[in-house]
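Here is the structure we will look at, set down as C-alpha cells.
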Amino acid sequence: MTDEPHGLDRGLTNYGDRDFARFLRRSFARSMGISRELLDKPVVGVAMTPSGFNNCHRYMPELVEAVSRGVFAEGCLPRPFPTISLGEVFLNPTSMMYRNLMSMDTEEMILAQPMDAVVLIGGCDKTVPAQLMGAASAGVPAIQLVTGPMSTGRHKGQRLGACTDCRGFWAKYRAGSVESDEIETVEGRLSVTAGTCAVMGTASTMACITEALGMALPGTAAIPAVHADRLAAAEETGKAAARLIRSRITPGQVITEKSVENAIRVLMAIGGSTNAIVHLTAIAGRLGMKITLSRFNELSDETPVLVDLKPVGNGYMEDFHAAGGVGALLRELRPLLHLDTIDVEGRSLRERLDEPAAWVDRAVIRPLADPISRVGGLVALAGSLAPDGAIFKRAAATPALFESEGRAVVFTGLEDLSTRIDDPDLNVGPGDILVLQNAGPCAAGMPEAGYLPIPKKLAEAGVKDMVRVSDARMSGTAFGSIVLHVAPEAAVGGPLAAVRNGDRIRLSIANKRIDLLVEEAELKRRLADFEPPLAPARGYKALYRRTVLQAPEGCDFDFLRAKIG
Ligand code: FES
C-alpha cells in the first residue's frame, strides 16, 4: 500500500478544510453502523444493478451479500452502490441507447466515491459491456461478476429457454402452426428462473468474453444464476477484489490487444452474438485499441466453432457449464491463443491452461480437430452497400443463401416495417432481399430490429429464411441470413439510404461482400437529395445523437473513447 490516501479517505468532499471533510465523512459512515475499526480498512466498491425492470438481475441482493462476505474475509470493507440497470426488454426505444449512459454512470461513480477496487455485478446484455467500458476508463482495479444464465423450462416434453425458443414459437405462431392458447402457455414457460437468457445470446457471449479477457474469475461465466456455485463464485470474486487492492492490477493491464484477440477467438468458437463485436470494440476503444474488420476476418477464418448451443446449435448455457465451460473451450483453443495474457489475479493464461484438465462433455464442447464448423461464427463484410463494413452471422444462417442476388424490398424505417411487412399486397417473393433503413445508431439507437420477420404470406407458404439487410443490430438469440450493422448507416447518408425497391443486391460470403448493383453516378444522384433526420433538441437524447459513433467504432460516444494508438 502506498502513502496515498486509501479507503474512505480517498477523494474527500471539497469543503475547503480536508480534516473537517474527513471527520464529517467518518461521522456519517458511522451513522451506517460501521465501527471505527472498519472505517480504516481498504474499501471495495460493489457496483450493483438491481431493478424492478430487470428480471435478469433478480438475485442481485444475494450476490451482493456473497461478494461482501468475500471482501470482509480478506479484511476489507465492502460498500455496495447502485448504478442504473438496463433490463433488455423493458427499455424504449432500445437498451443500446442507454449503454453509454450506464458506462458513464459506472465510471463517474467509481471515480467520485472512495474505493480502492471495485466489483462490477451485471448480466443482462448491455450491463456488462457498460460496466467494463466504465471501469476501463476509470482505471481503478476492477473485477466483473456476471449474474449467470437462466435454467430451462419445459413444454410438452421439450426444453425451452429464452430467447431462441421465444423466436421459434413466435415464428410458428405467425405461420399459423401454433394456436393463441398454446402461445399463451408457452409465454409462462420460456423464462422460468432469475438470470440472463438461457442460450448463447448477447449476455452469455459477453460473460464468456469477459472471462476470456481475464476480467472475471476463471470458471465463472456460465454458472447458472440459481446454482449454489454462483454464490460461491461471488464470494471468491469479493476476495479477489480485496487482493486487487494489493496488486493494483488495472483493467488496462488485463484488457490488451492480445487478450482482445483471445476474446474474439472465443466469440468465434462459441458462435456468439453479433452484438459482442460492437461491445468489444467499444471496450477496446476506451483503452486506445482498434479492432479492424480485416483482422476480425482473419481470426474468424482461423477459429472453428466448437460449442453446440442455441441459437447456432442445440444446447443451453446450463449444458455449457456442466460440459466444462469457458475453461474447457480455452483448452481446445490453446494453439490459437496468446498465452502470456494475464487475468485480474495476475495469473497468465498459460498457467491456467497448464492445470490438469477436468472432464469435458464432447457433445457440447467439441475438440479442435472435430469442430462444428471449420470457420468462426461471424464474418465482416464490405462492399458498395457497406463501405465501412457490415456483419453476418454465418453460423446462424442458411448456407444456400450465402451466395445470393435478389431484388430489394425496402422499408424506410421501423414504423414502415411494422405497418407493411404483413400487408397481403406487399410485392415480395422468397428470393427477394428485405432492406430496412434508418435503424442505425444515429437514427434509432440501433435496436435489435435487423431480424426482420419473414412477411406473413411467405411464412405461411413455408419460407423459413430470406436475406435481410439493415443498419440495425440483431438479438444474440436470433438466427437467419441477416446482414447487420451496415455502416455508414442510412441516417448519416450511407449508401443504404439510396436503396430503392427493385434495386439488385448481391451477397457473397465467400468474397465477404455486400454490394448494391446500382451505377455509382446514379447512387450519387440519389444521395444528393439526402437530408438527415431531425435531431432531438434536449437532454440525453440530444447528447446521444450529437456524439454517437458508428458500429465499427463500437457506437461509443466520441468524447469517451481514448485516443486510438
Ligand atoms: Fe436480459 Fe436476455 S433479457 S439477458
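Close amide-amide hydrogen proximity is noted between Val486 and Ile391, Ser470, Asp471, Ala472, each under 5 Å apart and 5 or more residues distant or on a separate chain (H modeled in the peptide plane; Pro and chain starts excluded).
For an R0 of 56 angstrom, estimate the FRET efficiency from the Cβ-Cβ distance between Thr13 and Asp229 and round to the nearest 0.05. So, using R0 = 56 Å, E works out to roughly 0.90.
Computed from phi, the 3J(HN,Hα) profile of segment 92-105 under the Karplus parametrisation 6.51, -1.76, 1.60 (θ = phi - 60°) reads 10, x, 6, 4, 4, 5, 9, 4, 5, 5, 5, 5, 5, 4 Hz, with x in place of Gly and Pro.
Modelled this way, with points 7 Å down the Cα-to-C-beta line, the labels at Arg374 and Arg350 are 3.1 nm from one another. What does the charge count around Arg362 come to, taking other residues whose C-beta lies under 15 Å from its C-beta (Lys +1, Arg +1, Asp -1, Glu -1)? Local charge sum for Arg362: -3. Bridging of Lys456 to lysines at a Cα separation below 24 Å is possible for Lys172, Lys393, Lys464, once same-chain residues fewer than 8 apart are set aside. Name the longest site-free stretch of the chain, where the excluded sites are GluC sites (Glu not before Pro) in a DSSP loop with no more than 13 other beta-carbon atoms within 10 Å. Between exposed loop sites, the widest span is 180-518. The fraction of all Cα pairs in segment 403-511 landing in successive 5 Å bins from 0 to the largest distance is 2, 13, 24, 27, 21, 10, 2, 0, given as whole percents. The length gained on full extension between Phe559 and Ala537, counted as 0.36 nm times the residue separation minus their Cα-Cα distance, comes to 6.0 nm. The value given for segment 151-217 is a Kirkwood hydrodynamic radius of 13.2 Å, derived from the mean inverse Cα-Cα separation.
Between Ser95 and any residue 5 or more places off or on another chain, the built amide H atoms are never under 5 Å apart.
Taking a straight Cα-Cα cut-off under 19 Å and skipping sequence neighbours fewer than 8 places away in the same chain, the lysines within cross-link reach of Lys541 are Lys126. Taking amide H as placed 1.01 Å from N in the peptide plane, Arg79 has its amide H under 5 Å from the amide H of Val44, Gly45, Val46, each at least 5 places away in sequence or on another chain.
Determine by what factor the alpha-carbon radius of gyration of segment 99-192 differs from 2.2 N^0.38 Å, reporting the quotient. Kindly include the intermediate steps, with their values, before the conclusion.
Values: Rg = 19.5 Å, N = 94, 2.2 N^0.38 = 12.4 Å.
Dividing the Cα radius of gyration by 2.2 N^0.38 Å gives 1.58.
For segment 142-268, what is Rg from Cα atoms divided by 2.2 N^0.38 Å, rounded to two decimals? Show your work: numbers first, answer last.
On the way: Rg = 18.4 Å, N = 127, 2.2 N^0.38 = 13.9 Å.
That ratio works out to 1.33.
Modelled spin labels at Leu426 and Asp465, positioned 7 Å past Cα toward Cβ, are 1.9 nm from each other.
Only aspartates and glutamates eight or more places from Lys512 in sequence, or on another chain, were considered; those with a Cα closer than 19 Å are Glu298, Asp301, Glu302, Asp388, Glu403, Glu405, Asp471, Glu489.
Stretching the chain fully between Phe20 and Glu108 yields a gain of 29.3 nm (0.36 nm per residue, less the alpha carbon separation). With no solvent and one point on each alpha carbon, what is the Debye value of log10 I(q)/I(0) for segment 398-461 at q = 0.12, 0.23, 0.25, 0.27 Å⁻¹? Relative scattering, expressed as log10 I(q)/I(0), comes to -0.32, -1.05, -1.16, -1.24.
Taking Lys and Arg as +1 and Asp and Glu as -1, the other residues whose beta-carbon sits under 14 Å from that of Arg473 total -1.
Local charge sum around Cys76 (other residues, Cβ-Cβ under 15 Å, Lys/Arg +1, Asp/Glu -1)?
+1
When the charge dipole of the chain is built from unit charges on Cβ atoms (+1 for Lys and Arg, -1 for Asp and Glu) and taken about the Cα centre, the candidate among Ala276, Ile365, Tyr15 whose Cα reaches farthest toward its positive end is Tyr15.
Normalised by 2.2 N^0.38 Å, with N the number of residues, the alpha-carbon radius of gyration of the chain equals 0.98.
If I stretch the segment between Asp40 and Glu182 completely, what's the gain in nm (0.36 nm per residue apart, minus their alpha carbon distance), one decimal?
Values: separation 142, 0.36 × 142 = 51.12 nm, distance 5.94 nm.
Additional length available on full extension: 45.2 nm.
Karplus-derived 3J(HN,Hα) values for segment 481-497, using 6.51 cos²θ - 1.76 cosθ + 1.60 with θ = phi - 60°, are 8, 10, 9, 10, 6, 4, 10, x, 6, 4, 5, 10, x, x, x, 4, 5 Hz; glycine and proline are entered as x. Residue-wise HN-Hα couplings along segment 400-405, as the Karplus relation 6.51 cos²θ - 1.76 cosθ + 1.60 with θ = phi - 60° gives them from phi, are 5, 9, 4, 10, 10, 9 Hz; Gly and Pro carry x.
Using a 10 Å cut-off on Cβ atoms, rank the peptides 189-199, 501-511, 246-256 from the highest mean neighbour count down.
Numbers: 189-199: 24.6, 501-511: 16.5, 246-256: 18.7.
Order by mean packing, descending: 189-199, 246-256, 501-511.
Only the coordinates and a few stated rules stand behind these numbers; no lab work does. Nothing here was measured: the structure is a model prediction, and the numbers come from that model. Methodologically, a virtual Cβ is constructed for each residue, glycine included, from the backbone with ideal geometry; neighbour enumeration extends over all protein chains shown.
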